[in-house]
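Peer 1: After the structure tokens below, expect a handful of questions from me.
The values are calculated or read from the model by the stated rules, or taken from the named source; none is laboratory data. These numbers were taken from a predicted model, which means no experiment stands behind them. No Cβ is skipped: glycine too gets one built from the backbone with ideal geometry, and neighbour counts run over all protein chains shown. Note: areas computed on protein heavy atoms with side chains; ligands, DNA, RNA excluded. Shrake-Rupley method; radii C 1.70, N 1.55, O 1.52, S 1.80 Å.
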Amino acid sequence: MHSTSSVRAVENALGIVIPDNARIIRNLINAIQYIQDHVIHFYHLHALDWVDVMSALKADPVKTASLAQSISNWYNSSPTHFRAVQNKLKAFVESGQLGLFASGYWGHPAYKLPPEANLMAVAHYLEALDWQKDVIRMQALLGAKNPHPQTYLVGGMSIPVDPNSQNAINAGSLAFMKDIARKSLDFVSQVYIPDLLAVASFYKEWASIGGGVRNYISVGEFQNDNISNTTNCWLPGGFIRNRDLTKLEPVDHMKITEDVARAWYKYGDGDDKAKHPWDGETTPNYTGPKPPYKSLRTDQKYSWVKAIRYDGLPTEVGPLSRMLVAYVAGHTRVREVVDMVLKKLGVGLNALFSTLGRTAARGIETLLIAEMMPNWIDELAGKMKAGDLKIHADDKWDPSKWPKLARGYGFHEAPRGFLGHWVVIMDGVVQNYQCVVPGGWNSSPRDAAGQRGPYEEALIGTPIAYPDKPVEILRTIHSFDPCMACAIHLVDSGHNPIINVKVR
Amino acid sequence: MPKIVVDPVTRIEGHLRIEAMVEGGKIVDAWSSGTMWRGIETIVKGRDPREVWLFVSRICGV
């Protein structure tokens with residue numbers, strides 16, 4: 001949700017306070033984005049690291065229905081349904097074209113689920129595909145489209161709110177959103193969470209694998225007030241140092257830096273000098289091997305991602321960081337659900353520092369947001385009822401009201417983690433702009449001090465049964481939900497890179 | 001000591017390469033490499049800050 005970070009950065013630079021309705025609509029757009037994105041991640045990007053699709057062919061549909069009914073009240077849990085899914089899968093496999101299930105490590109000994117659990121998960125994989133296209137219509141309603149909503153505006157939003165207009169958010173829109181909120185909570189509470197718990201119970205050893213770096217950051221999200229980077233958020237912000245869950249440090253954006261000691265860039269005053277994003281430089285300097293290559297020169301520079309650090313420390317961002325920060329902050333509902341999940345799995349709080357913990361935290365967060373979403377819809381309804389239709393603060397829209405030089409930053413928790421934008425505005429135009437993104441924090445390479453980034457550290461100690469079928473690597477890397485399009489820094493258009501790395 | 005290379009890592013957004021050294025059935029060292037780059041931040045330089053969000057949102061759909 002780069003739009004959110006961007007408008008917040010400019011609003012912060014210019015001292016703009018947005019109206020209530022704009023804040024609530026931004027919360028709702030973000031909420032449905034989280035819910036859809038996390039469900040897609042669990043079923044479509046991550047589940048097949050744990051679920052052996054081919055094993056589902058051996059399942060007994062009657063037993064599968066019993067299993068499903070024992071963990072959930074979800075309506076679509078009959079033997080007939082699971083048999084139909086199994087037949088569909090069988091036809092797929094017999095056609096010789098596995099399509100979206102091609103190239104899996106099927107039959108790998110690291111897969112532990114019984115055939116019935118595999119069939120249940122495959123059924124829900126397909127069901128989630130249908131569900132996600134329906135629920136994201138809420139973002140299309142509020143944002144005019146998905147992805148890339150079009151209704152953002154510095155100072156608020158551009159979508160009108162008016163109960164008496166057919167061309168605005170009105171009573172019909174509110175009812176539509178309420179319906180989607182119900183569908184969201186139903187699926188998350190009756191399918192996603194029970195599946196997550198069922199799958200996790202077979203993989204408890206992964207609660208002690210994949211922990212990685214020991215520092216976690218969240219800047220807080222779902223604002224309760226209308227000021228950019230407010231600390232008054234439904235999910236709180238904070239920094240956890242060295243896994244100390246007794247203490248939360250307030251986030252200071254000046255402690256965020258990037259160095260390029262091991263990334264393919266050059267800094268004017270030395271690649272190992274860490275820079276704050278306002279002073280960011282991005283001059284490409286590719287020194288890697290000429291493709292096709294077998295191995296990177298990992299003792300030198302080896303990535304297009306810069307080393308992002310907080311107070312000099314490699315730091316994890318994302319759902320796990322948010323849930324840990326909220327837990328330490330004493331967020332009542334976060335504590336309840338985290339404790340419930342840990343109890344059901346029979347593991348302690350330290351189990352959160354793991355591959356399984358990361359995946360569980362994402363599900364916990366999705367449930368909490370799905371529970372919360374109707375409240376924001378009600379809040380919007382209340383404003384409309386009270387006659388408050390203001391959606392945009394235009395008092396500083398005119399550039400003649402801006403200072404000659406303004407610097408700002410926009411904090412946002414995107415589904416994958418802390419997303420910050422930094423802007424320097426000079427004479428009414430952008431002089432410098434830097435995005436410091438979730439995928440960058442988590443996938444960052446070693447820094448000038450040689451400290452590994454979160455992915456790298458998380459892989460240390462991971463067991464590998466077959467080096468040519470490293471499903472274990474995928475489990476840990478996927479648990480972070482990588483978004484590499486965001487992670488890579490810009491290349492100055494005046495400098496062409498020497499080599500465009502070919503992906504095999 | 002076998003070195004595992006996963007490139008590209010699939011079922012993610014974008015391009016990621018992982019190299020890992022394995023010893024005694026466990027990973028003993030690992031490297032994460034972003035193998036693509038973007039240019040959006042350059043595009044917004046010199047632009048009206050009120051329209052920047054439209055450009056930067058194209059970095060990622062989530």
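Peer 1: To check my understanding: the extent here is largest minus smallest coordinate of the Cα atoms along each principal axis. What are those three numbers for region A:97-225, in Å, largest first?
Peer 2: 60, 41, 28
Peer 1: Just the number please: accessible area per residue for chain A, 1.4 Å probe, all protein chains included, in Å².
Peer 2: Per residue, chain A has an accessible area of 36 Å².
Peer 1: Under the rule of at least 5 residues apart or a separate chain, name every residue whose amide H is placed under 5 Å from the amide H of A:Asn432.
Peer 2: Counting only residues 5 or more places away or on other chains, the set is A:Val424.
Peer 1: Still on this structure: For region A:1-93, build the convex hull from the C-alpha positions and give me its volume per residue in Å³.
Peer 2: Numbers: hull volume 14.1 nm³, N = 93.
Hull volume normalised by residue count: 152 Å³.
Peer 1: Express the carbon and sulfur contribution to the solvent-accessible surface of chain A as a percent, rounded to the nearest whole number, probe 1.4 angstrom. Don't jump to the answer; show the numbers that get you there.
Peer 2: Details: 9460 of 18070 Å².
Carbon and sulfur: 52 percent of the exposed surface of chain A.
Peer 1: Would you mind calculating the relative contact order of chain A from Cα pairs under 8 angstrom and at least 6 residues apart, reporting the percent as a whole number?
Peer 2: 24 percent
Peer 1: Follow-up question, since we're still on this one. Which pairs break 23 Å Cα to Cα here: A:Lys404/B:Lys45; A:Lys145/A:Lys178; A:Lys266/B:Lys45; A:Lys63/A:Lys343?
Peer 2: Values: A:Lys404/B:Lys45 16 Å; A:Lys145/A:Lys178 19 Å; A:Lys266/B:Lys45 20 Å; A:Lys63/A:Lys343 26 Å.
Those over the limit are A:Lys63/A:Lys343.
Peer 1: If you don't mind, there's one more thing I want to ask. Quick check: convex hull of the Cα atoms in region A:314-466, volume per residue, rounded to a whole Å³?
Peer 2: In region A:314-466, the Cα hull volume divided by residue count equals 190 Å³.
Peer 1: Computed on alpha carbon atoms, what radius of gyration and Dmax characterise region A:1-159, expressed in Å?
Peer 2: Every Cα atom of region A:1-159 included, Rg and Dmax give 20.9, 63 Å.
Peer 1: Another question, if that's okay. How big is the shadow of the Cα convex hull of region A:357-432, averaged over all directions, in nm²?
Peer 2: Hull-based average projected area comes out at 7.7 nm².
Peer 1: Which value in nm describes the separation of the simple spin-label points at A:Thr283 and A:Glu336, placed 7 Å from the Cα toward the beta carbon?
Peer 2: Each label point lies 7 Å from its Cα, and together they span 5.6 nm.
Peer 1: Then there's this: I need two numbers for the protein assembly as shown: Rg to one decimal and Dmax as a whole number, Cα atoms only, in Å.
Peer 2: 23.4, 71
Peer 1: At 0.36 nm per residue, and after removing the present C-alpha to C-alpha distance, how many nm does the segment from A:Arg214 to A:Arg243 gain when stretched out fully?
Peer 2: So the extension gain works out to 9.9 nm.
Peer 1: Label-point separation (nm) for A:Asp60 and B:Arg50, each offset 7 Å from Cα along Cα-to-Cβ?
Peer 2: Placing both labels 7 Å beyond Cα along the Cβ direction yields 6.9 nm.
Peer 1: Once B and A are treated as a pair rather than alone, how much accessible area drops out, both sides summed, in Å² to 100, probe 1.4 Å?
Peer 2: 5900 Å²
Peer 1: Moving on to the next point. Please quote Rg/Rh for region A:162-237 to two decimal places, taking the Kirkwood radius as Rh and restricting both calculations to Cα atoms.
Peer 2: Answer for region A:162-237: 1.16.
Peer 1: Restricting to DSSP H runs of at least four residues, report the calculated mean residue ellipticity at 222 nm for chain A, -39500 (n - 2.57) per run over all residues, nearest 500 deg cm²/dmol. Don't jump to the answer; show the numbers that get you there.
Peer 2: Working: 15 runs with 196 residues, N = 504.
The helix-only estimate for chain A comes to -12500 deg cm²/dmol at 222 nm.
Peer 1: Can you tell me the equivalent ellipsoid semi-axes for region A:288-376? Use √(5λ) from the Cα gyration tensor, largest first, whole Å.
Peer 2: One finds semi-axes of 36, 15, 14 Å for region A:288-376.
Peer 1: Which ³J(HN,Hα) values in Hz, rounded to whole numbers, follow from the phi angles of region A:378-383 under the Karplus curve 6.51 cos²θ - 1.76 cosθ + 1.60, where θ = phi - 60° and Gly and Pro get x?
Peer 2: 5, 4, 5, 4, x, 5
Peer 1: For region B:5-62, with every protein chain kept in place, what is the accessible area per residue (1.4 Å probe, Å²)? Write down the numbers at each step before the final one.
Peer 2: Numbers: 2050 Å² over 58 residues.
About 35 Å² of surface per residue is accessible.
Peer 1: Which value, in Å³ per residue, describes the convex hull spanned by the Cα atoms of region A:11-63? Mind showing how you got there, number by number?
Peer 2: On the way: hull volume 6.0 nm³, N = 53.
For region A:11-63, the hull spanned by Cα atoms encloses 113 Å³ per residue.
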